[in-house]
Each structure stands twice: as C-alpha cells, then as structure tokens.
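Below is one structure; the comments refer to it alone.
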There are 2 protein chains.
Amino acid sequence: MTLKLDKVNRGPHLSTLVASSISREIAQGRLNPGDQLPTEQALATTFGVSRNVVREAIARLRSEGRIWSQQGRGAFVADVANSPVLTIDHDALQQADAFKSLFELRGALEVKAAAFAAQRRTDADLQAMKSALAAMNTAPYGSVAWLKADLEFHRAVVAATRNSYMEQFLIFVSERVRESILAAGNQQGSDDMASTTLGEHNRILDAITAGDANAAQEAMQLHLNGAAQRVGLHVNDL
Amino acid sequence: MTLKLDKVNRGPHLSTLVASSISREIAQGRLNPGDQLPTEQALATTFGVSRNVVREAIARLRSEGRIWSQQGRGAFVADVANSPVLTIDHDALQQADAFKSLFELRGALEVKAAAFAAQRRTDADLQAMKSALAAMNTAPYGSVAWLKADLEFHRAVVAATRNSYMEQFLIFVSERVRESILAAGNQQGSDDMASTTLGEHNRILDAITAGDANAAQEAMQLHLNGAAQRVGLHVNDL
DNA sequence: CAAACCATAGTTGTATGATAACATGGCAAC
DNA sequence: GTTGCCATGTTATCATACAACTATGGTTTG
C-alpha cells in the first residue's frame, strides 16, 4: 500500500481512486478476510488525501460488502464480497423470449405485491391508486397519458407493499415494459380493450381497498394475463 | 439476563440512512431521471446532518450508478437505461426491516418458481434435485456441506423454470439473504430442525415430480415460512 | 449587433481541526 | 479475583474554510 495518488490525474474522484486501490489490495490477496485495515488517518497520509476522502471510499466499500467497520475498533476485510448490484443487458432484452421471461418474472412479483398491498395499504396509497385510475379514465387508450397513468397505478400498488426492494425491481421492469410498448407503437386499441383494462384495474383496487389479499392476488393475475395478450405475448399460465 | 445488542439491531450509519432515503425518493418517482438533486448543503439541512454525511451517501449512490455528479454543477439522477436492476446495500441490510423485505422478495419469487418448475421440469432437473437432497441427508444440519446442498436444491428448482432472468435474479437474492444470515451469526440447529427441513424439501420435490403446480407452490410456501422462523423472522404472511 | 471577455455567485471537491461515541487494556481499590 | 475507573486509540460526526469548476449576466470589443 505504498501507492501515492497523483493530483494531476483529473479523472474520477479521489474517493473512487482510493476505493479501487483498497479493492485491488483485497483482490490481490495482500489484504485477507478478517484483516484490519490501517486507520483512516494512516490511509489518508499514505494516499496523500484528507481523511474525508478516505471515509467516502470506506463508505462505498462498506455498502458493497467488501469491508465492515465498527466505531472504536476499526475497519476489517469482509469474508464474502460479491457484487451487490444486479444488471440486465439492455440489448438482450430486445429479443422476444428474453422479454417474455422478464414479463414472467414481473408477474410473479407483482401478483404477490398486490397481496402485500392489500394487507398494508394506507389511505394515501388508495388515494394514489384512485387518482391514477381517474387519469386513465380520461385518457385515450394507448396514449402516452394513458401509459403514464397505468404506470402510476402499478407504482402506487407496489409502493403500498412497504418493500423497497420490490419497489425498485418492479419499477425497473415497468419502465422496460413501457419502453417496449412505446417502441412497438402499434397500440391501435379499441374501446373494448380500454374498458376491459379499466375493469381489471378496478377489481384490483377494490380488493386492495377491502384488504383481501387473495382477491388482490387473483385480480392482479387476471390483469397481467390480459395485459400479456394485449401486448402480444401468449401466456397460458403466468 | 443482560442481552448484548445484535448487529441487526444496531443503528446503521447516518450516511446509510440518507442514501436509502434518497434512493427511495428515486424509486417512488419523486425524483425522475435527469432531475437535479438539491445541493449538498440543502440536503444536509433537510436531513439534519452535516454535509460530510451527505457526501458519503452521495458517493455510494454514485458508485451504484443511481446518480452522477459534476463539480460546479450538481448531482443528477442517472438515466434509467443504465441504472441497475437491483442493488442490495450490505450496510442497509443490517436493518431488520430491510432484511425482512429481502426475504419477502425471495419468497415471492421462489414460490412462483416452484410452480413453474412443476410445469416445465425435465428428468435431468428432477435428478439434480434428488442428488441435492441426498447430499443434504448425509450432511450434519447447519454444516457447510448442508448449506451447499440446500443452495444446490433451490438452484435446481429455479433452473427448471426455464427462465434465465428468474434464475439470475433469484440466485442473486438468495445469495444476499444467505450472506446476511451468516453475517448475523451462526445458530445451532437441532436434529428436529434437520428432519423438518428435509421433510419440507421432500414435499416440494414430490409436487414438482408430480407436475402439480399448486402443490409445489404451497409446499415451497410452507418451507419458506419454516425457514423464516428458523432464521428468527416472525413472519405470519410471507 | 454579435461575439468574446470578464466578474460574480453558486456548487461540488477537498482539507483540516474539533468533538462525541465506542472499544480496549492497564491499574488501583475493594 | 473482581470491579470500577482512567488513559489511549479508533471510528462517527460536525463545522468551517478553501480550491476548482460551472453557469449567468453584464461589459467590452470587433
């Protein structure tokens, strides 16, 4: 750990450089799991930066699970260090079967999310769902406003689960679904479709309002099956 | 009886709270891609912390790809296209409710995965599940070999769904859950627990073998409820 | 008039010192 | 031997200051 950082290097932030440097020490085995890192002050002087920069780097490594620290003791190398982020190749999603798989995954989560929402929703949640449905009601089927309101409804449902991880993932997927639908652009929906979709949404809202988890689950399942057909995916049993 | 504070119960760092809070604003759509975040000073005053803490939180969000910042301009919410699907912050996972949320997410996925597996499994899938169960049978409860075999069984189940995203996602989440459990400290298990767990697994395998989606779903749900109790989560309705 | 220039304020990046919270070991008192 | 106290070291947080950079508006200049 005798690397001195050059200030002339105007690329990333200093904390990023420090973090990668420590990360490299761990990866190369010069710092083993359980080892105690030098003190923040020591790291600051060896890297030639302020202790503040070192702290930002440590905070980042800690959030990644590479190290853990305790007040009054020090920072230590963690035993397991896997990447805490999951990414999906954006290009691969353009293929039909990949999209179908993602849609399936979304369905599994969203159905359960509806059940949780029925158990945990607040009045504010219900209000958000209602206003989203109202917006959908006044917008023409398939329009941008309609899609936006639709997204808003599903977002309100998953927000009512009080589960931030579900929220994070479902919102990601919803964005992708929306992009894909917009890209397809052939939404020549009939009034029939509009009323059907609205009816499905209303059933979901009713079940969540009543606090009936099973009914909410089933209603969401029906809605997703219908949505899959309307999008062009033929799903027998999602 | 004096009880030492568990790692899970100990309050996380302020920067973690701030980071989660901002993350939530983004997830809930109150901050949209391209939006500029409040200044560090403003965030510091609104959260009631020093600007230093805000900077640590921002450094982490930046490393996760959720925001980007430029000196002299400000910090902005990153575009959805290159944002990660899911980020699991190890530091945040020390909070009990975050762990519960992640466990919930895993449950929602795994239950549905069991149903898909029952419909799509091949003989090779069944063989993989069987050998995993056999390995679990000969290993002592809670040992490394037992944990490995357990993971192998669940991996075989999700592999049988023929959905690569579900596989990728579920394995990712399961590993994070497992890490968190291991980090919280080892719990000693009785032979009673071992036989109970094995029985649950056998029922899952039977249902999948029979091709009964509903039974597989229920068996997996029972297994996860049991696992939640064994881990110490009091979950009545996962 | 338009373009280049400059001045100024606002924002992020970094440095520094100080205080509080916590852990650990030594040492005295009992 | 055990308990309680104190000194020391470390992380966590705060507060302030300065440097680097950007945006913006006004001013000068061609």
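Residues that are farther than 29 Å from residue B:86 by Cβ, within 9 Å of DNA strand C (Cβ to nearest atom) and either in contact with a His (Cβ under 9 Å, 6 or more places away or on another chain) or not small (Gly, Ala, Ser) (or both) within segment A:46-70 comprise A:47, A:49, A:51, A:52, listed in sequence order. Please tell me if residue A:204 is in a helix (DSSP H, G or I) and modelled with pLDDT under 90. In short, no. Residues of segment B:16-44 that are more than 9 Å from DNA strand C (Cβ to nearest atom), in contact with a strand residue (DSSP E or B) (Cβ under 7 Å, 6 or more places away or on another chain) and more than 10 Å from chain A (Cβ to nearest Cβ): B:31, B:32, B:34, B:35. Candidates A:51, A:60, A:120, A:55: the one that is modelled with pLDDT of 85 or more and in the same structural domain as residue A:225 (by TED's automatic domain parsing) is A:120.
For segment A:89-108, the criterion of being farther than 20 Å from residue A:228 by Cβ, assigned by TED's automatic domain parsing to the domain that holds residue A:222 and at pLDDT 90 or above is met by no residue.
Beta carbons closer than 6 Å, at least 6 apart along the sequence or on distinct chains, pair a first residue in segment A:36-63 that is at positive phi with a second that is within 13 Å of DNA strand C (Cβ to nearest atom) for A:48/A:4; A:48/A:5.
Working only within segment A:29-45, note down all residues that are within 13 Å of DNA strand D (Cβ to nearest atom), among the charged types (D, E, K, R) and within 19 Å of residue A:17 (Cβ to Cβ). If the condition is that a residue be within 13 Å of DNA strand D (Cβ to nearest atom), among the charged types (D, E, K, R) and within 19 Å of residue A:17 (Cβ to Cβ), then A:40 is the only one that fits. For residue B:106, the conditions (1) surrounded by 22 or more Cβ atoms within 10 Å (Cβ to Cβ); (2) assigned to a strand (DSSP E or B) all hold with the exception of (2).
Within segment B:83-94, is there a residue that is surrounded by fewer than 16 Cβ atoms within 10 Å (Cβ to Cβ) and facing chain A (nearest Cβ under 9 Å)?
Just the residues of segment B:83-94 that are surrounded by fewer than 16 Cβ atoms within 10 Å (Cβ to Cβ), to begin with: none.
No, there is no match, as no residue in segment B:83-94 is surrounded by fewer than 16 Cβ atoms within 10 Å (Cβ to Cβ) and facing chain A (nearest Cβ under 9 Å).
So, in segment B:52-67, how many residues would count as being away from DNA strand D (no atom under 13 Å from the Cβ) and over 15 Å from residue B:89 (Cα atoms)?
Start the filter on segment B:52-67 by keeping residues that are away from DNA strand D (no atom under 13 Å from the Cβ), which leaves B:58, B:61-67.
Now narrow it down to the ones that are over 15 Å from residue B:89 (Cα atoms): B:67.
Of the residues in that region, 1 qualify.
Please go through segment B:45-79 and pick out each residue that is facing chain A (nearest Cβ under 7 Å) and crowded, with 16+ Cβ neighbours inside 10 Å. Spell out how you get there, then give the answer.
Going residue by residue through segment B:45-79, those that are facing chain A (nearest Cβ under 7 Å) are B:52, B:55-56, B:59-60, B:63-64.
Result: B:55, B:56, B:59, B:60, B:63, B:64.
The values are calculated or read from the model by the stated rules, or taken from the named source; none is laboratory data. Please read all numbers here as calculations on a predicted model, not as lab measurements. For neighbour counting, all protein chains shown are included, and Cβ atoms are generated from backbone atoms with ideal geometry for every residue, glycine included.
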